[in-house]
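Visitor: Quick one: the structure is below, questions incoming.
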Amino acid sequence: MKRLIGTFLKNRIGNVCLYFGFVGIFYVIFTLYNIPADAVNYAFLLSLFWILLYRVMDFLHYVRRHKEIEEAENRLAEGIEYFPAPGNLIEEDYQRILRMLYKEKAELESEGRIVKQEMLDYYGMWVHQIKIPIAALRVLIQANEEAEEEETRELIRDMKLELFKIEQYVEMVLTYLRMESISSDFSFERHSLDKMIKQAVRKYSQMFILKKIKLNYVPVEKQVLTDEKWLVFVFEQILSNALKYTVSGSISIYMKGDILVFEDTGIGIYPEDLPRVFERGFTGYNGRYDKKSTGIGLYLCKSVIDKLKHRIWIESEEGKGTKVYLSLEREELYVE
C-alpha cells in the first residue's frame, strides 16, 4: 500500500501544485481588493475540501484500476482479454501493443512446439531404425564367436565393445529426449541400494572383462527412497564414464558414511574443468583429447539427480582418478 500511495502522489504532484497555485492566486487577488477575510477563507477552505475529495475519489479509482491490472496479470496465461477496458488513449495504445506482442509470442511458441515435436518424432523413428542394424550386428558377432583364430577372436571382442558403446549412445539419445517429461515417469519407493548397484554392474560386466578392469565392491545393506529405474540409469552413466577413462587399474564402489562413492583409477579431470563437468555439452580437456565425448552423460546424471532430490558432486585429480559422490537421502513427505 505504501508503494501504491507513493506512486499515486508522484504521478499527481503536478496537478496538486497546479490546483494550489490557482487557489493561491484567487486568495491574493481577493485580499488585494479588500474582500472580507471571512469570505476569502471560506472560499479557500471550500476549494481545499473539493480538491481533497476529488483526489480521494481519484485515489480509490487508482487502487481499483491497479487491482484489475494485477488480476489480469495473474490470468495472463489464459489470454489478454482479461485486461480492463482502457481508460484513455494512452492505455488503449499500450494494450494494442500488448496484443501484438502476445500474438507474436503465441505464434513463436506454436512454431517451437511443432519443430520440437518434429524433432522428437524424427529421433524416435531413428532410434527404432538403428536398433535393426544393431541387432543384425549382434547376430553376426554371435555367429563368429566360436572362431578358432586368435586374430578373429580379438576382432570379435573389439566389435562387442564398440557395439555396446553404440547401444549406450542410443539409450542416451532416448533419455535426453525424455528429459523434460521425466518427472511424470517417477515412482518413488524404498529400494535396495545393493540391488540397484548390481543391476548397473551387471550391464557393464562385459566391458569390465573386455577392458580387464578390476571391480572392487562390497554389498551395501541400505534402503533408499527413490525411483529405481532412473537411479540405475545414473549409476550406469557413472560406470560408463569410469570405464571410458580408465585404461588400467580398478573401479571401486563403496559407502562413505551415508554417501555412495564411485572411484576409479582413470586419467582424472583437470582442475579448471571440474566446476563445469555437469554443464550440457561440456567435454573439457579429456573430451577434446578423446574426440568422442558428447558432454551429455554427466549433464543427464545431474538433471536426473536434481529431479530425484538427491545430490551429486565430483572430486578428481589429474592422472590419479576420479571420485563421484552421491547423497541419496531425501526428506520423506507425510500426509496429515
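The values are calculated or read from the model by the stated rules, or taken from the named source; none is laboratory data. Computed from a predicted structure; not experimentally measured. In this analysis, Cβ positions are derived from the backbone assuming ideal geometry, glycine residues included, and neighbour counts consider all displayed protein chains.
Visitor: If the requirement is being closer than 26 Å to Ile132 by Cα, in a helix (DSSP H, G or I) and at pLDDT 85 or above, which of these qualifies: Arg157, Arg202, Arg178?
Guide: The match here is Arg202.
Matching residues to (1) surrounded by 14 or more Cβ atoms within 10 Å (Cβ to Cβ); (2) in contact with a strand residue (DSSP E or B) (Cβ under 9 Å, 6 or more places away or on another chain); (3) at positive phi:
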residue: Leu101; (1), (2), (3): no, no, no
residue: Ala106; (1), (2), (3): no, no, no
residue: Met119; (1), (2), (3): no, no, no
residue: Lys131; (1), (2), (3): no, no, no
residue: Leu137; (1), (2), (3): yes, no, no
residue: Ile156; (1), (2), (3): yes, no, no
residue: Phe164; (1), (2), (3): yes, no, no
residue: Ile182; (1), (2), (3): yes, no, no
residue: Arg190; (1), (2), (3): no, yes, no
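Visitor: Looking only at residues that are assigned to a helix (DSSP H, G or I) and surrounded by 11 or more Cβ atoms within 10 Å (Cβ to Cβ) in region 76-93, which one is modelled with the highest pLDDT?
Guide: Asp93
Visitor: Go through (1) surrounded by 12 or more Cβ atoms within 10 Å (Cβ to Cβ); (2) among the charged types (D, E, K, R); (3) more than 24 Å from the chain's Cα centre (by Cα) and name the single condition Lys212 misses.
Guide: For Lys212, the failing item is (1).
Quick grid of which residues meet (1) under 17 Å from Thr226 (Cα atoms); (2) under 26 Å from the mean Cα position of the chain (by Cα); (3) hydroxyl-bearing (Ser, Thr, Tyr); (4) modelled with pLDDT under 70:
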residue	(1), (2), (3), (4)
Asp290	no, no, no, yes
Leu298	no, yes, no, no
Cys301	yes, yes, no, no
Gly319	no, no, no, no
Lys323	no, yes, no, no
Leu328	yes, yes, no, no
Glu332	yes, yes, no, yes
Glu336	no, no, no, yes
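Visitor: Moving on to the next point. For region 205-218, give me the residue count where each residue is part of a loop (DSSP other than H, G, I, E, B) and either under 20 Å from Lys165 (Cα atoms) or at pLDDT 90 or above (or both).
Guide: Residues that pass the stated criteria total 2.
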